[in-house]
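A quick write-up on the structure given underneath.
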């Protein structure tokens, strides 16, 4: 099997673990020095870049406290030698305000030696920020 096809399988397993809320499985797929990021926004509490398993867990806990993910649909995966770009759709509720926002997203996942070393999320940060504004 090609490295690219193996990388897609790793990313598919990552999304499956997220759907099942299997944190141990997710951590097992992440490099110990993983870089995990989403665009910074003064109203989005989970924005910014975090490092390592500890940083990922911090991001996860902030997310759990601040928003409900109502829909997360990966729709297409495009691969390169060491990366998979995931194009999809998400719908979330900002817990502090109860406002719902929707956005297309792109997740760029970089993989080395079978582990996720970088996860970068891109989405409409304006509408997300507006959902968190009171």
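For residue 32, indicate whether it is touching a strand residue (DSSP E or B) at 6+ places or on another chain (Cβ under 8 Å), modelled with pLDDT of 95 or more and assigned to a strand (DSSP E or B).
No, not satisfied.
Please give the strands (runs of 3 or more DSSP E) falling wholly within the range 58-134 in which 3 or more residues are over 14 Å from the mean Cα position of the chain (by Cα).
67-79, 83-94, 100-112
Conditions (1) at pLDDT below 95; (2) at negative phi; (3) in contact with a helix residue (DSSP H, G or I) (Cβ under 6 Å, 6 or more places away or on another chain), marked per residue:
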residue: 19; (1), (2), (3): yes, yes, no
residue: 22; (1), (2), (3): no, yes, no
residue: 25; (1), (2), (3): no, yes, yes
residue: 37; (1), (2), (3): no, yes, no
residue: 40; (1), (2), (3): yes, yes, no
residue: 49; (1), (2), (3): no, yes, no
residue: 59; (1), (2), (3): no, yes, no
residue: 80; (1), (2), (3): yes, yes, no
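How about the range 19-47: which of its residues are surrounded by 16 or more Cβ atoms within 10 Å (Cβ to Cβ) and closer than 30 Å to residue 134 by Cβ?
Passing the criteria: 36, 37, 38, 39, 41, 43, 44, 45, 46, 47.
Assuming residue 13 fulfils every condition listed in (1) over 14 Å from the mean Cα position of the chain (by Cα); (2) surrounded by 14 or more Cβ atoms within 10 Å (Cβ to Cβ) apart from one, which condition is it?
Failed condition: (1).
The values are calculated or read from the model by the stated rules, or taken from the named source; none is laboratory data. These numbers were taken from a predicted model, which means no experiment stands behind them. Neighbour counts are summed over all protein chains in view; Cβ atoms, including those assigned to glycine, are modelled from backbone coordinates with ideal geometry.
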